[in-house]
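J.: Quick one: the structure is below, questions incoming.
A short reminder: the numbers here are calculations on the coordinates, not readings from a lab. Remember, predicted model here, so these are calculated numbers, not experimental data. Here the Cβ is made from the backbone with ideal geometry for all residues, glycine too, and neighbour counts use every protein chain on show.
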């Protein structure tokens, strides 16, 4: 991560010291339209933001801290260095942030505020999907059933995706269901062509 910071340091605004780093990071989150409490790091040594490249970073004295967002009962771990590329309403290509899902820590790679729901912040977890040479499914309106040839990596296992559907009540969401009964719902925009 340090090399990534060094490659964006030239031309960046860089400040040192906990109080000013905390102030600048909160100001940047506000400027981006993101919740100001999103990066509750402690004892911050350095904050940097390169407006030309959109790259920001925070370096804290501790190697790692955990913070629980009580209102949503979500525990998040922040490494000694946290980096991201930023744009209005979004942090992407995040490094150094993990969230606890079930019993595992998963890397958060993107946080965004949807235009339709500015009061909610969404997170995107690094997730892998595998497709076999042949993919088959039965098709109904808004639904693919009895899918073969598609797997998703959940936790440490590859699970077969058996159903994908868009509910009539919320056409902006896509739900993936595995053979084990696990399901997860995502913003349909994530699956637009070219994404």
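J.: Provide the gained length on full extension for the span residue 20 to residue 85, in nm with one decimal, where the gain is 0.36 nm per separating residue minus the Cα-Cα distance. Mind showing how you got there, number by number?
T.: On the way: separation 65, 0.36 × 65 = 23.40 nm, distance 2.06 nm.
Result: 21.3 nm gained on full extension.
J.: For 57, 105, what ranking results if the residue with the fewest other Cβ atoms within 10 Å of its Cβ goes first? All intermediate terms of the calculation are to be shown ahead of the outcome.
T.: Details: 57 24, 105 13.
So the ranking, lowest neighbour count to highest, is 105, 57.
J.: Order of 6-15, 85-94 by packing, highest average Cβ count within 10 Å first?
T.: 85-94, 6-15
J.: If I take every Cα pair under 8 Å that is 6 or more residues apart in region 2-125, average their sequence separation and divide by the length, what percent do I get for the relative contact order?
T.: This gives 17 percent for region 2-125.
J.: Right, here's the next one. Is region 67-112 rounded, prolate or oblate when judged by the Cα gyration tensor, a ≥ b ≥ c being the square roots of its eigenvalues, rounded requiring a/c under 1.5 and prolate requiring a/b larger than b/c?
T.: prolate
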